[in-house]
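Take a look at the structure below.
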Amino acid sequence: MLIFKFINTCCQNSINPVDLFRNSNELLLSCYKHKHTLAALGDNNNSLASLVPWSLLTKISNDEGQIVTSAEFEAILRMTYNVHTLKLGDDNGILLRAILHNRHNLGIRVHQQIQSLEMDSENLTWNRVRRFRTSLSKRLPNLKHVSLCIYYEQHRRSSNSVDYRNKSTKHIVNLIASLVDRLKQLVTLDISFVSDEHCNERCFPHLNRQQLHQHPLS
């Protein structure tokens, strides 16, 4: 994994980045303090960008928030021609929306390169997931691996009733079936359900498994 803690004095044009970072395969975009330095990665004339072993990278991750703009991220993807995995730790969902709405051609770029998409965004709530799954399948129909977290909003409804458990289970199974049906190249699907510690339970694994066995996926 390649983790950049950018230092302004690190640039030496004589260094071959492949030799310098021979075992690197991931570019991790991190730290708000160096936002302007991160943006320089998208400029292949920049001495900092010359230190990146672009040909070795297979994964790009951002660990929190909007560290780069959609235009800057598209420029970085253009230089990472072997990248096939994208991990978004995007709390506010700005970068994810930029991909799904194709801002600065970012959606097209991701569609062309990315086979695996990992998402952890508190903006992806249960109330928004239906719209998200439609946008995802239209913009990135060839994904092979999808991993996402769905956040439950705080609620007051009781989760003890049989009707509530059945309804919650139906929503989750329908979500899984919809993603499997829409993403024709899909090989693996990993969904985590996250709720506030004070919220009532909404996910019932034994019921989900039972429904999936009774109604096999395509």
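FYI, it's all coordinate maths here, none of it is from the lab. The structure presented is a predicted model; accordingly, all values stated were derived computationally and were not measured. Using ideal geometry, Cβ is built from the backbone for each residue, glycine included, and neighbour counts are taken over all protein chains shown.
Quick notes on this one:
- The alpha carbon convex hull volume per residue for the range 62-190 rounds to 101 Å³.
- Taking other C-beta atoms within 10 Å as the exposure proxy, M119, M79 rank M79, M119 from fewest upward.
- Among the listed pairs K138/K184; K87/K170; K87/K144; K87/K138, those beyond 22 Å (Cα-Cα): K87/K170
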